[in-house]
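> My questions will all concern the structure given below.
The values are calculated or read from the model by the stated rules, or taken from the named source; none is laboratory data. Note that the coordinates shown come from a computational prediction; the quantities given were computed from them, not determined experimentally. When we count neighbours, we look across all protein chains shown, and the Cβ atoms used for this are built from the backbone with ideal geometry, even at glycine.
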Amino acid sequence: MEPSPQASTKTINSFVRREWGRLLSSLIGNLRDFQLAEDCLQEALESALIHWQRSGLPRSPAGWLLQTARRKAIDRLRRNKNFERKSAEYAALIEMEQEAPEPPEDHSIPDERLRLIFTCCHPALEEKSRIALTLPTLGGLTTREIARAFLDKEDAMAQRLVRAKQKIAAAGIPCIVPDAEALPERLASVLGVLYLIFNEGYAATSGDSLIRRSLCEEAIRLAHILHTLRPGEPEIMGLLALMLLHDSRSSARSDTDGNMIALEYQDRRL
């Protein structure tokens, strides 16, 4: 991708929303620190908004973001009072920088999203926290967007996310895909989270709208990612099919005033 002049904020935001989960999961794999990875990637995005709007998208936008986030992590680790505890991560980042002076190609960035999905949906976390953590981590939603979806205050949702990340760190929850014995239980937890996200979007329990399209779309998008990363898994395919089936008639479920239309009166052409 050759640089193009003055990449718009909309273009950048669209790219970031699409790639956020892949980049964050890769960075967490490098740093082994949920919060540090998120903070550094956010700082890299702030830099991108300045540079890309002036100079256009780089040849490898994802690689540029990942390399910038790694460099910001190196700077943070150098200043960290607990440097000794992070020395292994620091050494790994320095080695990556020495081996790859240029940003990695987008296709060469490892995809760790499957491991991250299972981390966000660990049974040790309460149900609402699993959903709340999955949306920003894999979907790139902001705390404000998630709080609005749950009709919570933004600061309360921010605290919930912080507590969930702290629990992952304190409990030593590994960022791994469970082995064959633990997979069925853990997969059920993951799929349960995606189902609840979709269900809240499909039939909102509160608020003025019958349907919250953004939540339905996010659940389907995450299910597609899970299906891509673990193809042929019947439970994943079944949930994705169920969501797509119901979503296919979303345009016919309400009138122009937002009132629900009974199934027998819905326009099948929609």
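> Quick check on the range 143-155: of everything there that is surrounded by fewer than 13 Cβ atoms within 10 Å (Cβ to Cβ) and out of contact with any Asp or Glu (no Cβ under 8 Å at 6 or more places or on another chain), which residue is nearest to SER214 (Cα to Cα)?
For the range 143-155, the residue satisfying everything is LEU151.
> Which condition from (1) of a type in the set (D, E, K, R); (2) under 27 Å from HIS122 (Cα atoms); (3) crowded, with 18+ Cβ neighbours inside 10 Å is the one that LYS167 breaks?
Just one mismatch for LYS167, condition (3).
> If only one of ALA223, ALA158 is within 25 Å of VAL16 (Cα to Cα), crowded, with 19+ Cβ neighbours inside 10 Å and not assigned by TED's automatic domain parsing to the domain that holds PHE15, which one is it? Give the steps one after another, and end with the answer.
Working: ALA158 fails: crowded, with 19+ Cβ neighbours inside 10 Å.
Result: ALA223 is the single residue among ALA223, ALA158 that is within 25 Å of VAL16 (Cα to Cα), crowded, with 19+ Cβ neighbours inside 10 Å and not assigned by TED's automatic domain parsing to the domain that holds PHE15.
> A follow-up question, please. Would you check which residues across the range 167-181 are without any contact (Cβ under 8 Å) to a residue 60 or more places away in the chain and under 10 Å from THR119 (Cα atoms) and list them?
ILE173, PRO174
> Is it fair to say GLU112 is farther than 21 Å from GLY29 by Cα and either buried (at least 20 other Cβ atoms within 10 Å of the Cβ) or not assigned by TED's automatic domain parsing to the domain that holds LEU27 (or both)?
No; evaluated as a whole, the condition is false for this residue.
> Looking at (1) among the small types (Gly, Ala, Ser); (2) at pLDDT 80 or above; (3) surrounded by 15 or more Cβ atoms within 10 Å (Cβ to Cβ); (4) farther than 17 Å from THR142 by Cβ, which is the one condition that is false for GLY21?
(4)
> For the range 28-73, how many residues meet the condition of being modelled with pLDDT of 85 or more, closer than 21 Å to ILE168 by Cα and of a type outside the set (D, E, K, R)?
Selection size over the range 28-73: 9.
> Just checking: which of the helices (runs of 4 or more DSSP H) contained wholly in the range 151-257 hold 1 or more residues that are at pLDDT below 80?
Passing ranges, in order: 183-202, 213-229.
> Take the conditions basic (Lys, Arg) and either loosely packed, with under 15 Cβ neighbours inside 10 Å or modelled with pLDDT of 85 or more (or both) and apply them to ARG76. Does it pass?
The answer is no for ARG76.
> Another question about this same structure. Among the residues of the range 46-57, write down those that are surrounded by fewer than 20 Cβ atoms within 10 Å (Cβ to Cβ) and in a helix (DSSP H, G or I).
GLU46, SER47, LEU49, ILE50, HIS51, GLN53, ARG54, SER55
> Under 6 Å between Cβ atoms, at least 6 apart or on separate chains: pull out the pairs that start in the range 233-256 with a residue that is loosely packed, with under 13 Cβ neighbours inside 10 Å and end on any residue that is modelled with pLDDT of 95 or more and assigned to a helix (DSSP H, G or I).
none
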